[in-house]
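A short worksheet on the structure shown next.
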Amino acid sequence: MYSQIPAPEKRLSKDAVKVWMISETISHLIAFIVIAVIFYLDSLFEWKEWIGWILYGIVGLTVLSAIWSIFIQPYLLYKNWRYDLNEEFLQLKSGAFNEEHQLVPMTKIQSVATNQGPLLRKYGLYSLSIETMGSSHGIPALPEEVAIELRDRIAHFAKIREVGQ
Amino acid sequence: MIQLKRYNPLTMLLDLWGLAKNAFFLVIFLFVLKSGSESTFIKYGRIAFYLFVGITVSSIILKWFTRKYKVDSSSFYMYKGLFNKFEQTVPFTKIHNVQRRTTLFHRIFGGTSITFETGTDTAVKFDVISRKEANRIEIHVKRMTLDKATTDQADSDEMGQPHTDEKIVKLDSARTIHFKPTRKDVLKASFTSLSFLILIPLVTSFYSKINDIVNVEDKAEGFLASIMNSWWVITILVVILIIASITFGIVRAFLKYGKYEISSDHERIYITKGVVDESAFTIEKDKVQAIEITQSLMKRLLGLAEIKLISAGSLGEDALDTNSLYPFLPVGRAYEMISEILPSYEVTQTMERLPKKSLWIRLLKPSWIWIIATAALLYFKPPIINHTHSWWILSAGLLIFIIVSRFLDYMNTRYILNGKFMQFKTGSLQTELFVSKREKVIEVKVTRNKFQQLLGLASIGTINRAKPVHHTGIKDVPVELADSFYTWYAGRTKEIKIE
């Protein structure tokens, strides 16, 4: 790939790793609480034995998923995410095991927005969502000034319309 | 044409007819089946029914009184709403295709329905309109867009400018007919679509219904037995049945494909079809987003193909395949016709094939359907013809089917990037060839999973405008091709014109 056109080089904010770790920790904590409640109900109402086995299985899977998505995935995501744009195209690249490369013409972008949840706000980050005629894309975590600048640049380039659209 | 107009009053009649159709079963239930019933449920049901009918009828009438439209030199304007006024403007340049449907209802009253489809959710639709008015609007839209394109002076609101009139006349006379099915074509269509088989389920369901009521089987047992004994009666019966179903199939095919006509002029393509329910589809050549050539297994055996024009505008609620050129074209003629009606398109028949290693990756990929099906079979062990342990035959059969279809998919997959055109062919039993231009592709993507990364392969995909958007792609192409595909798409800036 990228023998003729330049590969995208710009990276996400380094803090993205922390944000993902925290948010994954929170969601896994919630999952564990739910499982604990079910275990409690199980012992209280003396459900059938096989339900207990299934619950143990779910615990195992959740532990594995927690290890993966808290300690491994954030680094991989950060390491592999790249984006870039010029006045003609937006380029996105992501994924380690499933690499994904996207090339979106600026003229086909319909809208662009910055979003910020509580975790992103803590680190002064924004995520960018981009709607095109055919699908929607997102850039997950960018520092505030980069995000705003990028949004304005995309909005500016996207104003240009092709004939016959 | 700039004064406000109401829609055709027959619209109300059409809506009432729709109401009558919907309420039919309710009426039967409330007033015929339960006619003697005095239960409270039925009593209130009837009151609710009267209310429902009253409200619907008055809303139909109000709707007609509040809806108006206006057409000027550049746009449609639609007004509706009683309390909340709603106004909508649709510029002619945003129209992607025009569709007309003339159902039996329209025929009785000498009208038609016409829809101007845009690329978004709004369409300009006239459910009932006199043919004269429909023609007038369609020609007006055509003239105004033409005017804009050629002379750039469309600000005047008068319609009867002599020079544009001449141009229209010229263009209309330049309309060439590309295809009209002959009797032979219709016969072929009726056999390819297997429409002669339709009589069988019809007859069996009819028979079983009759049997429920009068119990033919018991009464006719002796009679049937005597028939079964004389072979010539059976032969005659079978022959009659075959002739009947073939006739039925041909009549059906004739009604559907008999009055087909594909024509085009300098700017537009016209497809009309249908004997009882007529439909017409008009699209500007520039607004054709892509061409799709589909061949089912049957059509591949007979050397026939179906061409579809992909349009960004919707194709109407009922899937009538209005955008389909004749679905049973001989392959050679199909390719010829593309170059006739869309000279800006180049379709080449020589395409590249996938490398060997993409066959392996296809075959070795675990099939979730097979795994789940086998697990289910293992658990339930359904008996086949009284053998309890033969469930594995089903599993093996499914596996063979999956392997064969993957192999066929590998064999059928072809691709080429030919100048500014792309051609992707995919499919195992039924194949689809997708042809589009770089400027009409709105997005591309390349994905590579771990195995593809190891083997130097990639999957490529495009998105085209259609309703809903059209995704096409090829799995497991060499990564070098994915690279040049990306570069190819980046080259689209050479072709697009910016407003």
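Mind pulling the angle between the C-alpha long axis of helix A:144-158 and the longest principal axis of chain A? Nearest 10 degrees, somewhere in 0 to 90. Taking the Cα atoms of chain A, the angle to A:144-158 is about 50 degrees.
How high is the relative contact order of chain B, in percent, counting Cα pairs under 8 Å that sit 6 or more residues apart? Let's see the in-between values first.
On the way: 725 pairs, mean separation 53.0, N = 499.
Relative contact order here is 11 percent.
Compared with the dominant Cα axis of chain A, that is its longest principal axis, helix A:16-45 is turned about 30°. Counting every alpha-carbon pair across the range B:58-102, the share separated by more than 13 Å comes to 65%. With a Förster radius of 30 Å applied to the beta-carbon distance between B:Glu480 and B:Gln349, the computed FRET efficiency rounds to 0.80. Counting beta carbons within 10 Å around each of B:Thr431, B:Thr182, B:Thr89 and listing the fewest first gives the order B:Thr182, B:Thr89, B:Thr431. Think of the range A:2-112 as having a plus end and a minus end, set by charges on the Cβ of Lys, Arg, Asp and Glu; of A:Ala36, A:Leu64, A:Leu103, A:Leu103 sits farthest toward the positive end of this dipole. Applied to the range B:444-455, the Karplus parametrisation 6.51 cos²θ - 1.76 cosθ + 1.60 on θ = phi - 60° returns per-residue 3J(HN,Hα) values of 10, 8, 10, 10, 9, 8, 4, 5, 5, 4, 5, 8 Hz, with x for Gly and Pro. Backbone amide hydrogens, once placed in the peptide plane, bring A:Phe89 within less than 5 Å of A:Met106, excluding anything fewer than 5 places away on its chain. Using a cutoff of 8 angstrom between alpha carbon atoms and counting only pairs six or more residues apart, the relative contact order for the range A:16-78 works out to 66 percent.
Kyte-Doolittle mean at least 1.6 and Cα extent at least 20 Å along the axis: which DSSP H helices of chain B qualify?
B:231-257
Note on chain B: helix-only mean residue ellipticity at 222 nm, from DSSP H runs of 4+ residues weighted -39500 (n - 2.57) and normalised by residue number, equals -14500 deg cm²/dmol. Think of chain B as having a plus end and a minus end, set by charges on the Cβ of Lys, Arg, Asp and Glu; of B:Thr122, B:Ile416, B:Trp392, B:Trp392 sits farthest toward the positive end of this dipole.
Taking the C-alpha atoms only, the angle from helix A:49-66 to the longest principal axis of chain A is near 40 degrees.
For B:Ala290, the residues whose amide H sits under 5 Å from its own are B:Ile310, ignoring neighbours fewer than 5 places away on the same chain, with H placed 1.01 Å from N.
For the residue pairs B:Lys142/B:Lys287; B:Lys308/B:Lys437; B:Lys21/B:Lys70; B:Lys80/B:Lys132, the C-alpha atoms sit more than 21 angstrom apart in B:Lys21/B:Lys70; B:Lys80/B:Lys132. Rounded to the nearest whole Hz, the Karplus-based 3J(HN,Hα) values (6.51 cos²θ - 1.76 cosθ + 1.60, θ = phi - 60°) of the range B:285-301 follow the sequence 4, 5, 9, 6, 7, 5, 10, 10, 10, 10, 10, 6, 4, 4, 5, 5, 5, with x at glycine and proline.
On the basis of the beta-carbon distance and an R0 of 22 Å, B:Thr93 and A:Glu88 show a calculated FRET efficiency of 0.40. Compute the Cα gyration tensor for chain B, then decide on rounded, prolate or oblate, letting a ≥ b ≥ c be the square roots of its eigenvalues: rounded whenever a/c is under 1.5, prolate when a/b is larger than b/c in the other cases, and oblate in all that remain. Oblate. Counting only Cβ charges, +1 for Lys and Arg and -1 for Asp and Glu, the dipole size of the protein assembly as shown around its Cα centre is about 540 debye.
Give the average, rounded to an integer, of partner chain Cβ atoms located within 10 angstrom of each Cβ in B:445-453. Each step should come with its number before you reach the end.
Numbers: counts 8, 7, 6, 7, 5, 4, 1, 2, 4.
That average works out to 5.
Fewest-first ordering of A:Val104, B:Val239 by other beta carbons within 10 Å of each residue's beta carbon gives B:Val239, A:Val104. Charging the Cβ of each Asp and Glu at -1 and of each Lys and Arg at +1, and nothing else, the dipole of chain B about its Cα centre rounds to 520 debye.
For labels at B:Lys85 and B:Thr247 in the simple 7 Å Cα→Cβ model, what's the distance in nm? Roughly 6.2 nm, to one decimal.
Every read-out reported here was derived from the displayed coordinates using simple, explicitly stated rules and does not represent laboratory data. Here the structure is a predicted model, which means the values were calculated and not measured. Cβ: placed from backbone, ideal geometry, glycine included. Neighbour counts: every protein chain shown.
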